[in-house]
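Please read through the structure below; I'll follow up with questions.
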Amino acid sequence: MTEIKYTRKDFVSDQEVKWCAGCGDYSILSAVTNALPEIGINKKDIVFVSGIGCSSRFPYYVDTYGIHGLHGRAAALASGVKVSHPHLSVWIATGDGDSMAIGGNHFIHLIRRNIDVNLILFNNEIYGLTKGQYSPTSPLGHVTKTSPHGTVEHPFKPAELVMGSEGTFFARVPDTNPKMMKEVFIEAAKHNGASIVEVLQNCVIFNNNTHEEITGKEVRDDHQIYLKHGEKMIFGAENNKGLVLEGLKLKVVTIGEDGYTLDDILVHNAKDKDATMHYLLGRMSLPEFPVAMGVIRAVDAAVYNDELEKQISNAKATSKIKNMNDLVNAGETFVL
Amino acid sequence: MATKANNVVEVDKVVVKFAGDSGDGMQLSGTQFSDTSAILGNDLATFPDFPSEIRAPQGTLAGVSGFQVHIGHTDIYTSGDDADVLVAMNPAALRYNMSHLKTGSTIIVDGDLFEPKNLKKAGYETNPLEDGSLSNYTVIAAPITSQTRTILKETGLDVKTMDKSRNQFAIGIVFYLLNRDMEEGAKFLAQKFKKKPELIDSNVLVMKGGHNYAHNLQLIHTTYRINPNLTKKGKYRNITGNVATAWGLMAAAERANLPLFLGSYPITPATEILAELAKFKNLGVKTFQAEDEIAGVMSAIGAAYAGSLAATSTAGPGLSLKSEALGLAVMTELPLVVVDVQRGGPSTGLPTKTEQSDLMQALYGRNGEAPMIVMAASSSSDCFHYAFHAAKISLEHMTPVILLTDSYLANGSELWQIPDINQLPEIKAPLVGENVEGGYKPYLRNEENLARYWAVPGQEGNQHRVGGLEKEDVTGSVSHNPHNHEKMVQLRAEKVRRAVVDVPNQELNGPEKGKLLVIGWGSTKGAIFTAWKQLFNEGKDIASACFNYIMPLPANTEEILSGYDQVLVCELNNGQFVNYLRMNFPNIKFTQFNKNQAQPFMVTELVQKFNEILEA
């Protein structure tokens, strides 16, 4: 699209970054600024949009256009930017409080409409900016300032909301894997439609190590599976575990044990229009399963902003009314 | 009134009310009558009156919907007080409208439906056609249903379809009574049923049947003629307030050379603005029917940031939901037009009825010091003008504007003189060019009107961030500095005050000093003006003024208000504008006249009130 060669530095703004030392947001910011030079879009055409929360300070730290909106409303704000000016590359930085609680409605409708934006969901399972209250993704029983006896409510899995909203792109990445984040952000940018990337992000102050069982160095190989389209669903420190389908359920098997061979292992098809398998993969959780990472779903479907532009160009081509003077003088008029 | 031969009496104005069940085609009859009157050169205003239920039980009071038309040889400023002619398609429609009839008026009813079942549904214990209760009126009880079916017997239409033409029998009688042109009535039907041509002839047949019935039976000894209004010259069209608002926004986008974006959520009585704008993809208009009111306004703010003329349309409950977002528009100093079509409140209130009770919400309903420009349209057709100017001021001053209309203006219609769009003022948003020298600074301002300069995504070199956090003056960096906040609060307020340069001086009707000045704002203009004119012509010491600009008020407001023994502020709420004026002009003594019935002012009640004060 452009011959301009950017480096990470071109996307670093002059604003002082004010996240806590050790916050997972730093690595996400770094992965985004590493990915942007490779998406082939001129930075004058990039807009970062956010709501409220720690993650929502993101736009200030990227040297593109940016608008920092209201709590929960980033998806609606971004929809207006993209639908009105579809040539722009629109990115949303949002958290689990912002998008799963107060902005849950906008989140699902953005996905349902399939507006071509990229949404990065910083999921740390806690409210950070208001200092440590449970969020809609906090696990059942989680003890926080507002749940001193443990929560009595069930958490959302963002993946399920995306599948339930007829989402066309869902990916998950841990904030501890810069390389995977970069790859996935580039995939998200390429996808035409609403791309949702859930980042398992660590809040060092209020929910430290919440994803440790998934992302910890000692366990990560056995507790994560990096899905890639067209490749076998294999994982494990020894690369010998895989996923098979039994009935309507997934099952973890060890290759070479219980009669399972490599041939039995499922091949990931991110482009399957039927989201059933993506739903199963998105739901997988410890201890029974590894947590699925990578692009779980990426399918082509009609895109809101493209369809709207088509309607406009068709209407312009066929209508006799070309301007307001034509309109006000059309139809029933009376000369007195 | 001058009597001519053939018992034709010339009158200046006539109010005709068409009333029936929701499915009786009263809106169609009303439009047919008003359009054909416009062709004859009459001035007019119309107002539909319908329940919020879509199809309430047939024949009951709850299901009555109406359409009132006021036509005149002289200028018409309201849709009229009580009716001169009532068409009541069933007993419920008669009962519902009895309190809005002039003594001596003509009532046309479908006599066939005044039988026990329908009388009971309407709550009549005795038949009003027989019990003498209508002795002060001229009653034409035509067998409309049976006549319609007889006329259409040969057509092969089923009874249900036949009955849908009953309204045409009634309109035939009205056309005879008021000397309307049957040819034009038929043309209207041909246009209306263009897509169902089989219904054109049958409807025309029934209309003629009604006309002949009135003529042959010599029921009507005197007919009336309303001559053309010769003061009106030029090309007109009949337009509702909501359509005029939508078109005003479109015209502004064209004159500003910006794309138009409306983010909105359906809500009575504002929905037609969204529906109207949705039609015009041929003109590049983008409408976004959002998932809720908040997403409606937020998407509009996003579109504004990206460089559109952005608007959102709503009614009072929706404005409440949008409050936080309006603060964001104030803080980011982006142009945004918010149209609030007011309705009866609070809460869900009276969704289809009119009220002026959102004024304080528009002025102050946000957290923090969040001043916005507030304007109000005052007639169905001037919604175009005020929507256009709301957009112009918003874009040129880089600040959100609330335009208040209401159900009365939105659903009512009147003749609108078609302007030449190219002669409308140009709109110049303070857009910067690419690569602003020295770097683009989002909060650098025009020294005169304090508008910040506008850079939009897609421009090379002007990357910047805006948002809801307090920003440092000029640079736009996030700032919690106390002195900076003080400065920014004052700058945002002063920017709104300085918009007064684009607010025309307030017009005054009548003497500059005297006994009584009557004040209104927004949609009550027509009624207040008509009442004022009547008393002024009688030689009474009275002046009137109706405000369209509320924040900021016109520069000459205090001058206008001073010099009267009494200033009476009339509004359809509990005293919101009067209290705003008291706050702004503590040295002037105001009295107030309020109506909280979710109905427009009647000219007669205003005249009565003004006389009470003048004679006290």
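The values are calculated or read from the model by the stated rules, or taken from the named source; none is laboratory data. Values in this document were obtained by computation on a predicted structure and should not be read as measured data. Cβ: placed from backbone, ideal geometry, glycine included. Neighbour counts: every protein chain shown.
Can you name the number of the only condition in (1) surrounded by fewer than 24 Cβ atoms within 10 Å (Cβ to Cβ); (2) under 26 Å from B:HIS221 (Cα atoms) that B:GLY80 fails?
(1)
Those residues that are free of Cβ contacts under 8 Å to residues at least 12 places away in the same chain and within 14 Å of chain B (Cβ to nearest Cβ), I need them from the range A:10-30; list them, please.
Residues of the range A:10-30 free of Cβ contacts under 8 Å to residues at least 12 places away in the same chain: A:16, A:26.
Hit for the range A:10-30 is A:GLU16, nothing else.
Looking at the range B:457-494, which of its residues are β-branched (Val, Ile, Thr) and either within 8 Å of another protein chain (Cβ to nearest Cβ) or surrounded by 19 or more Cβ atoms within 10 Å (Cβ to Cβ) (or both)? Working first, answer last.
Residues of the range B:457-494 β-branched (Val, Ile, Thr): B:466, B:474-475, B:478, B:489.
B:VAL466, B:VAL478, listed by residue number.
Being without any contact (Cβ under 8 Å) to a residue 12 or more places away in the chain and surrounded by 24 or more Cβ atoms within 10 Å (Cβ to Cβ) narrows it down to one residue among A:SER84, A:SER50; which is it?
On the way: A:SER50 fails: without any contact (Cβ under 8 Å) to a residue 12 or more places away in the chain.
After applying the criteria, what remains is A:SER84.
Which of the strands (runs of 3 or more DSSP E) contained wholly in the range A:142-261 include at least 3 residues that are free of Cβ contacts under 8 Å to residues at least 60 places away in the same chain? Reasoning before the result, please.
Details: elements: A:169-174, A:195-200, A:224-227, A:241-246, A:249-254.
The qualifying strands (runs of 3 or more DSSP E) are A:241-246, A:249-254.
When both residues are 6+ apart or on different chains and their Cβ atoms are under 7 Å apart, which pairs have a first residue that lies in the range B:233-262 and is basic (Lys, Arg), and a second that is at pLDDT below 95?
That search, which allows pairs on different chains as well, returns B:LYS233/A:LEU336; B:LYS235/A:THR333; B:LYS235/A:VAL335; B:ARG237/A:GLU332; B:ARG237/A:THR333; B:ARG237/A:PHE334.
Pull up the range A:64-80, narrow it to residues that are of a type in the set (Gly, Ala, Ser) and assigned to a loop (DSSP other than H, G, I, E, B), then point me to the one that is nearest to the other protein chains (Cβ to nearest Cβ). Give the steps one after another, and end with the answer.
Restricting attention to the range A:64-80, the residues satisfying the condition of being of a type in the set (Gly, Ala, Ser) are A:66, A:69, A:72, A:74-76, A:78-80.
Filter once more, keeping what is assigned to a loop (DSSP other than H, G, I, E, B): A:69, A:72.
Values: A:GLY69: 6, A:GLY72: 8 Å.
Looking at the filtered set, the residue picked out is A:GLY69.
Right, here's the next one. Being away from chain A (no Cβ under 14 Å) and among the hydroxyl-bearing types (Ser, Thr, Tyr) is the filter here; which residues of the range B:403-442 pass it?
B:THR405, B:SER407, B:TYR408 - these are the residues of the range B:403-442 that are away from chain A (no Cβ under 14 Å) and among the hydroxyl-bearing types (Ser, Thr, Tyr).
Take the residues of the range B:281-300 that are within 7 Å of chain A (Cβ to nearest Cβ) and either among the polar types (S, T, N, Q) or not in a helix (DSSP H, G or I) (or both): which is farthest from B:GLN463 (Cα to Cα)?
So the residue we want is B:ASN282.
Follow-up question, since we're still on this one. Within the range B:239-271, how many residues turn out to be within 20 Å of A:GLY80 (Cβ to Cβ) and either at the interface with chain A (Cβ under 10 Å from one of its Cβ atoms) or of a type in the set (A, V, I, L, M, F, W, C) (or both)?
Matching residues across the range B:239-271 total 14.
Within the range A:81-94, is there a residue that is within 17 Å of A:TYR127 (Cβ to Cβ), at pLDDT 95 or above and more than 9 Å from every other protein chain (Cβ to nearest Cβ)? Outline the logic, then answer.
The first filter runs over the range A:81-94 and keeps only residues within 17 Å of A:TYR127 (Cβ to Cβ), leaving A:93-94.
Restricting the remaining residues to those that are at pLDDT 95 or above gives A:93-94.
Filter again for more than 9 Å from every other protein chain (Cβ to nearest Cβ), leaving A:93-94.
There is at least one residue in the range A:81-94 that is within 17 Å of A:TYR127 (Cβ to Cβ), at pLDDT 95 or above and more than 9 Å from every other protein chain (Cβ to nearest Cβ).
Report every pair of residues separated by at least 6 positions or lying on different chains whose Cβ atoms are under 7 Å apart, first residue within the range A:312-336 and at the interface with chain B (Cβ under 7 Å from one of its Cβ atoms) and closer than 16 Å to B:THR240 by Cβ, second in a helix (DSSP H, G or I) and among the β-branched types (Val, Ile, Thr).
Pairs that qualify, where the first residue is at the interface with chain B (Cβ under 7 Å from one of its Cβ atoms) and closer than 16 Å to B:THR240 by Cβ and the partner is in a helix (DSSP H, G or I) and among the β-branched types (Val, Ile, Thr), are A:VAL328/B:ILE421; A:PHE334/B:ILE39.
Within the set of pairs 6+ apart or on separate chains, which have a first residue in the range B:301-327 that is within 11 Å of chain A (Cβ to nearest Cβ) and more than 14 Å from B:ALA429 (Cβ to Cβ), a second that is in a loop (DSSP other than H, G, I, E, B) and among the charged types (D, E, K, R), and C-beta atoms under 8 Å apart?
Listed pairs, sorted by first residue: B:SER323/B:ARG366; B:GLU324/B:ARG366; B:ALA325/A:ARG73; B:LEU326/B:ARG366; B:GLY327/B:ARG366.
Within the range B:470-481, track down each residue that is within 19 Å of A:THR64 (Cβ to Cβ) and touching a residue at least 12 places away in the same chain (Cβ under 8 Å).
Filtering the range B:470-481 for residues within 19 Å of A:THR64 (Cβ to Cβ) gives B:471, B:475-478.
Those that are within 19 Å of A:THR64 (Cβ to Cβ) and touching a residue at least 12 places away in the same chain (Cβ under 8 Å): B:LYS471, B:THR475, B:GLY476.
Considering every residue within the range A:56-63, establish whether at least one is at the interface with chain B (Cβ under 9 Å from one of its Cβ atoms), touching a Lys or Arg at 6+ places or on another chain (Cβ under 6 Å) and surrounded by fewer than 23 Cβ atoms within 10 Å (Cβ to Cβ).
Yes; the residues of the range A:56-63 include at least one that is at the interface with chain B (Cβ under 9 Å from one of its Cβ atoms), touching a Lys or Arg at 6+ places or on another chain (Cβ under 6 Å) and surrounded by fewer than 23 Cβ atoms within 10 Å (Cβ to Cβ).
Is there a residue being within 8 Å of chain B (Cβ to nearest Cβ) and touching a residue at least 24 places away in the same chain (Cβ under 8 Å) anywhere in the range A:31-39? Outline the logic, then answer.
Initial filter on the range A:31-39 (within 8 Å of chain B (Cβ to nearest Cβ)): none.
Taking every residue of the range A:31-39 in turn, none turns out to be within 8 Å of chain B (Cβ to nearest Cβ) and touching a residue at least 24 places away in the same chain (Cβ under 8 Å).
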